[in-house]
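Below: one structure, written as structure tokens.
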Amino acid sequence: MMTSRPAGKIHILDPATVNKIAAGEVVERPASVVKELVENSVDADAGRIRIDVTSAHGAITGIRVVDDGTGMSPADARLAFTPHATSKIAHASDLDSVTTLGFRGEALASIAAVSRVILSTRERGTGAVAGTKIVIEGGVVMESRETGVPEGSDVLVTDLFFNTPARKKFLKNLPTEIARITGVVEGIALAHPEITFFLTHNGKNIITTEQSAKLIDTVVRIFGEDVTQSMIPVNYRHPFLSINGFISLPSVQRKNQSRIIIAINRRYVSSLVITSAIIEGYGTLLPKDRYPIAFLSLSIDPRLIDVNVHPAKKLVRLSREGQVREIVRDAIRTALRGADLVPSVLTGALPLASPKTFPPVVKTLYDHAPAPVAGISESTHTGISMTDRQLRQTELPTGSEPVTDRIPEMDLIGQFGGIYLLTATAGGDLIIVDQHAAHERILYEQVRARDKTIPLSQELIVPVVLERSARDAAVMRSILPELRDEGFLITEFGRNSFMISAVPVILGKAEEAAATVTDIADDLTREDLKNPVTRREQITRIIACRGAIKAGTVCTGEQCRRLLQQLSRTRNPHTCPHGRPTMIRFSRAELDTLFKRTST
């Protein structure tokens, strides 16, 4: 007796299932619906786009997008919800030069597959009296008829994921979903300042922008006037790339990258390459784990971009990625170079750095030391000599051209607490300088641009043996070449031991510098995956920090002035290598405000 052959394991999915799977790629959350519908409105040459979001019981219940764009004919309206139906491309070759925001023909079909949709539209400029209304539930057309409607399109999406309840489990709480929607509208509005945008939630206005030929008008609407006052314009031209936009002063920062908004060829996108380039452009002007506010609009040859790498078109691929990254980085640096970066205590938010604990100091004037008994004592000869050595080291030529006029000329008033230098400008401003941060910046730039003819290392009188754990020893071995390039002479001295024979000259007195090597090694073996920098950069920052004048060091008036003079010659005098400010400005008007003085 013959047995029947078992059915094959492979089969073709039915269209309804295919559409739901496709919807999962395109429609991740309510913000995805907003993005697709608004981008369709932009492509339809709309001058006004309104987005109304409704919610109840902690969940979004409806999304409505209304525009005054070109609208659709009855035939096009019925075809628009068919999978892969699009007016943007006709042939595969068109993908090489996509200039519209939509082109895949998946958005409307995917949205309709997992929701209830009502489309009302009338084609613009045809003289048609009636428009078209189409009602779809779960991808099935329930109604199609003529209706009275203004020119343009009106799309209402309700009951999102009603037929895929598992999808709802992955949605965040209502405030988070509204925030995502807001972010999408902000990004598209900044990319298209010529369009008026309205975003409401349960009738309450969230975003309103007005048509404007000036990007700054939309920037004010999105970021607020206070933040915009602390933003710097970016205008940069390259043979195949132009960049326009605004970036915040380093003193205006956020805890995450959510306020870095990017558009490429007027398409709001996410780009790790460009975001990283923006942050790299700031360099040491930002503290660790702090990010700027920025909007950059890049115009590039469409043939150099692949916008077809993500179903929702959120990501793009750049064919000359390394060059684009370098250009964006240079654009940021150029914009910052031409701005006044000294933060003001009232007009700009100050950088937030990790708290540091300083030894208790009661000193308030630069030339006095604390005295346990009545009278005044001069700071010790040893302390003055050590500070002199450190300042002489940073007066050595570095091979870099002198830089001036980056900061105002300052007259020394005195030293406070062994930490801060109090200075006055010719314009009547009070500027407070952090002496450690300032000297750290000077040392950092000296190490970065040192003259190779200057002796790099100094031998220790007695070599230091460094014991490491097995893991740390492995890391230590991997960084020995970089340490040698910076002036450390370190050799293996046993299984997990290392002998330090020489340290960088810039660290100062050899006997004292040797004591810091253990701390340096600990810092170097502590990987920072969140904010990776090159090993040389890491070493340079550590050397600068260890070799700089410490907080709590009493300086004479002459030493303070030398420090200020050296700082004025640096390329970037405004922050230390870790992004902390070197100085803070108090204008006379700000001081009057703080003391409640009013002009009469």
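Our estimate of slack between residue 597 and residue 176, defined as 0.36 nm per intervening residue step minus the Cα-Cα distance, is 147.2 nm. Amide hydrogen proximity for residue 234: with H placed 1.01 Å from N in the peptide plane, the residues at 5 or more positions away or on another chain lying under 5 Å are 245, 246, 247. Here the gap between residue 465 and residue 212, fully extended at 0.36 nm per residue and compared with their Cα-Cα distance, gives a gain of 84.4 nm.
Can you pull out the trypsin sites (Lys or Arg not before Pro) in the stretch 244-283 that DSSP calls coil and that have at most 13 other Cβ atoms within 10 Å?
Details: sites: 254, 255, 259, 266, 267; in loops: 255, 259, 266.
When the trypsin sites (Lys or Arg not before Pro) of the stretch 244-283 are filtered for loop state and at most 13 Cβ neighbours within 10 Å, 255 remain.
One chain, two ends: residue 128 and residue 61. Fully extended at 0.36 nm per residue, the span grows by 20.8 nm beyond their Cα-Cα distance. Put a dot 7 Å past the Cα of residue 323, heading toward its Cβ, do the same for residue 54, and the two dots end up 5.2 nm apart.
Where does each of 534-546, 319-331, 157-169 land if you order them by average Cβ count within 10 Å, highest first?
On the way: 534-546: 19.7, 319-331: 17.8, 157-169: 15.2.
Result, highest mean Cβ count within 10 Å first: 534-546, 319-331, 157-169.
Taking the mean number of other Cβ atoms within 10 Å as a proxy for protection, how do you rank 276-285, 440-449 from highest to lowest?
Details: 276-285: 20.4, 440-449: 23.6.
Ranking, from highest mean packing down: 440-449, 276-285.
Along the axis of the charge dipole computed for the stretch 215-337 (Cβ charges of +1 for Lys and Arg, -1 for Asp and Glu, origin at the Cα centre), the listed residues 268, 235, 281 are led at the positive end by 268. In the stretch 559-596, whose amide N lies under 16 Å from the spot 7 Å out along Cα-to-Cβ of residue 229? List them in ranges. From the stretch 559-596, the list is 585-594.
Taking a 25 Å limit on the Cα-Cα distance, which of the listed pairs 288/550; 168/288; 550/596 fall beyond it? Before the final figure, lay out each step's value.
Details: 288/550 21 Å; 168/288 36 Å; 550/596 35 Å.
Checking Cα-Cα distances, 168/288; 550/596 exceed 25 Å.
Please label the shape of the stretch 215-337 as rounded, prolate or oblate, based on the square roots a ≥ b ≥ c of the eigenvalues of the alpha-carbon gyration tensor (a/c under 1.5 means rounded; beyond that, a/b larger than b/c means prolate, else oblate). Cα axes put the stretch 215-337 in the prolate bin.
Phi-derived couplings, Karplus 6.51 cos²θ - 1.76 cosθ + 1.60 at θ = phi - 60°, listed residue by residue for the stretch 144-159: 8, 7, 6, 7, x, 7, x, 5, x, 9, 9, 10, 10, 10, 10, 6 Hz, with x used for Gly and Pro.
Taking a Cβ cut-off of under 14 Å around residue 597, the surrounding Lys, Arg, Asp and Glu residues balance to a net charge of 0, with basic ones at +1 and acidic ones at -1.
Given Cβ point charges of +1 (Lys, Arg) and -1 (Asp, Glu) and nothing else, what value in debye, to the nearest 20, does the dipole of the stretch 108-248 about its Cα centre take? Intermediate values should be presented prior to the final figure.
Details: 14 positive and 14 negative charges, 90 e Å.
Using only the charged Cβ atoms, the result is roughly 440 debye.
Put simply, the amide H of residue 503, placed in the peptide plane, has neighbours under 5 Å in 458, 460, 489, leaving out anything fewer than 5 places away on its chain.
Quick one: if the Förster radius is 30 Å, what FRET efficiency do residue 204 and residue 159 give, using the C-beta to C-beta distance and rounding to 0.05?
Values: r = 22 Å, r/R0 = 0.74.
It comes out at approximately 0.85.
Assuming a ≥ b ≥ c are the square roots of the Cα gyration tensor eigenvalues, decide whether the stretch 153-266 counts as rounded (a/c under 1.5), prolate (otherwise, with a/b larger than b/c) or oblate. Prolate shape, in that a/c is at least 1.5 and a/b is the bigger ratio.
Since every read-out is calculated from the coordinates, none of them should be taken as a lab result. It should be emphasised that the depicted structure is a prediction, and the values quoted were computed from it without experimental measurement. Because the Cβ atoms are built from the backbone with ideal geometry, glycine has one as well, and the counts that use them run over all protein chains shown.
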